[in-house]
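Working notes, beginning with the structure itself.
The values are calculated or read from the model by the stated rules, or taken from the named source; none is laboratory data. All values reported here derive from a predicted model rather than from experimental measurement. Neighbour counts are summed over all protein chains in view; Cβ atoms, including those assigned to glycine, are modelled from backbone coordinates with ideal geometry. To get the accessible areas, we keep the full protein, side chains included, count just its heavy atoms, and leave off ligands, DNA and RNA. Shrake-Rupley method; radii C 1.70, N 1.55, O 1.52, S 1.80 Å.
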Amino acid sequence: MSIRDVYIVDAVRTPVGKFAGALSGVRPDDLAAHVVASLVARAPGLDPSRIDDVYFGDANGAGEDNRDVARMAVLLAGLPVSVPGVTVNRLCGSGLEAVIQAARAVAVGDASVAVAGGVESMSRAPWVLQKPERAFPAGHQQLHSTTLGWRMTNPRMPAEWTVALGEGAELIADKHGISRAQQDAFALASHGKAAAAWDAGLYDGEVVPYDGADLTRDECIRADSSMEALARLKPAFREDGTVTAGNASPLNDGAAALLLVDDEGLRATGREPLARIRASAVTGVEPQLFGLGPVEAARRALTKAGKGFADLTTFELNEAFAAQSLGCLAEWPELDPAVVNPRGGAIAIGHPLGASGARLAGSVAHQLAAAGSGTGLAALCIGVGQGLALVLER
């Protein structure tokens, strides 16, 4: 069996909304349907019935995104009912996992045309109530928030594995001697780059605002932020800590989608691809050091592609926390930091969990198309200790 080339023809995303912000009134299945419909509308030469499958990442799945949100998106987007959909969950890496699974299906001939993406509404994530261990309990019952992080934790898990995500970032800051000032400076740069990219129109070709929501630009970007403003924020996880709300990614809502094809599918679209998928890799690390998950995943993906860090034109590294990102960068001494997140990162843009990986992959593809050639990398850390990376080229 020959392995087929896999191309990214197009990639779209919503503006990223802040928690309880402009997209909080939109159901996640509607957000997913919006990017799917927008993606298909931008390929008028493609008969939607030719889409072999739709893969969508979703980290929560406990609320309105239940019942296979990928299939819901297909139906709500008005695609033919013959188009199937599957939802995948690798927590923060779910959107990128969807892209990788779709690419794998195309590469081995199981699909010629596929849509991949991700969605998350952290605003609308519900509280959940466990069933009682016996009938008719007399006492009060506990509700668990499904917005982010550990809940209903298995007591067999070692305590050091189940620390808060922010405490994991503090551990990485300890490990690499990363100061509060370094983290704040990294966060400030993220906001500055994101604001500049929007002002320059660099996101105009990929962002598709949701009709009915008053949001045309990523909602969490603070173009007027400063080191002084960031320094005033209190540590969020340790009394004497370095991780704050200002140097961590916020809670967000959003969706993203990409169109993946083989050579036959490419001819059907009549389009020039943005980029070609070269390789991917996934790795595991200690759960409390989840933020360092991309370190080995990126190395392995580049090795599979026959590339090194010096070959990168652009690198979209998800900024879950400034400490986590700086920790990864410290372990890649051969990487030029200037190629990392040139249009801003998740600290500014936002991190709607299930959508972020698809956003990163789409951004890399658009950046490579703008450059005309080159090699790009997308990578994320993943809660409970994993890293995921994808290499693209043009």
For region 199-246, what are the residues that are more than 22 Å from the chain's Cα centre (by Cα) and β-branched (Val, Ile, Thr)?
Thr242
Scan region 363-389 for residues that are in a helix (DSSP H, G or I) and within 14 Å of Arg343 (Cα to Cα) and jot them down.
Ser363, Val364, Ala365, His366, Gln367, Leu368, Ala370, Ala371
Just checking, how many residues over region 1-22 are open to solvent by less than 30 Å² (accessible area, probe 1.4 Å) and either in contact with a helix residue (DSSP H, G or I) (Cβ under 7 Å, 6 or more places away or on another chain) or in a strand (DSSP E or B) (or both)?
10
Out of Arg343, Arg299, I need the residue that is within 24 Å of Gly117 (Cβ to Cβ), open to solvent by 20 Å² or more (accessible area, probe 1.4 Å) and either in contact (Cβ under 8 Å) with a residue 40 or more places away in the chain or of a type outside the set (Phe, Trp, Tyr) (or both). Which one?
Arg343
Quick one: count up the residues across region 325-359 that are in contact with a Leu (Cβ under 8 Å, 6 or more places away or on another chain) and of a type in the set (Val, Ile, Thr).
2
The correct count of residues that are of a type in the set (Ser, Thr, Tyr) and under 24 Å from the mean Cα position of the chain (by Cα) in region 82-111 is 2
Scan region 189-209 and tell me whether some residue there is small (Gly, Ala, Ser) and in contact with a strand residue (DSSP E or B) (Cβ under 7 Å, 6 or more places away or on another chain).
no
Pick from region 242-274, criterion open to solvent by less than 10 Å² (accessible area, probe 1.4 Å) and part of a loop (DSSP other than H, G, I, E, B), ranking: farthest from Phe186 (Cα to Cα):
Asp262
Within region 122-143, identify whether any single residue is touching a Phe, Trp or Tyr at 6+ places or on another chain (Cβ under 7 Å), among the charged types (D, E, K, R), touching a residue at least 60 places away in the same chain (Cβ under 8 Å) and surrounded by 19 or more Cβ atoms within 10 Å (Cβ to Cβ), and answer yes or no.
no
Please enumerate the residues belonging to region 376-394 that are more than 26 Å from Glu286 (Cα to Cα) and buried (at least 24 other Cβ atoms within 10 Å of the Cβ).
Gly376, Leu392
Can you pull out the residues in region 68-80 that are over 19 Å from the mean Cα position of the chain (by Cα) and either under 19 Å from Glu97 (Cα atoms) or surrounded by 20 or more Cβ atoms within 10 Å (Cβ to Cβ) (or both)?
Arg71, Met72, Val74, Ala77, Leu79
Kindly provide the set of residues from region 31-62 that are open to solvent by 50 Å² or more (accessible area, probe 1.4 Å), not in a loop (DSSP other than H, G, I, E, B) and not aliphatic (A, V, I, L, M), ordered by number.
Ser49, Arg50
I'd like to know if region 70-85 contains one or more residues that are more than 25 Å from Leu251 (Cα to Cα), in contact with a strand residue (DSSP E or B) (Cβ under 6 Å, 6 or more places away or on another chain), free of Cβ contacts under 8 Å to residues at least 40 places away in the same chain and small (Gly, Ala, Ser).
yes
Per the filter on region 161-194, residues open to solvent by 40 Å² or more (accessible area, probe 1.4 Å), assigned to a helix (DSSP H, G or I) and either aliphatic (A, V, I, L, M) or at pLDDT below 95 (or both) are Leu165, Leu171, Ala181, Ala185, Leu188, Ala189
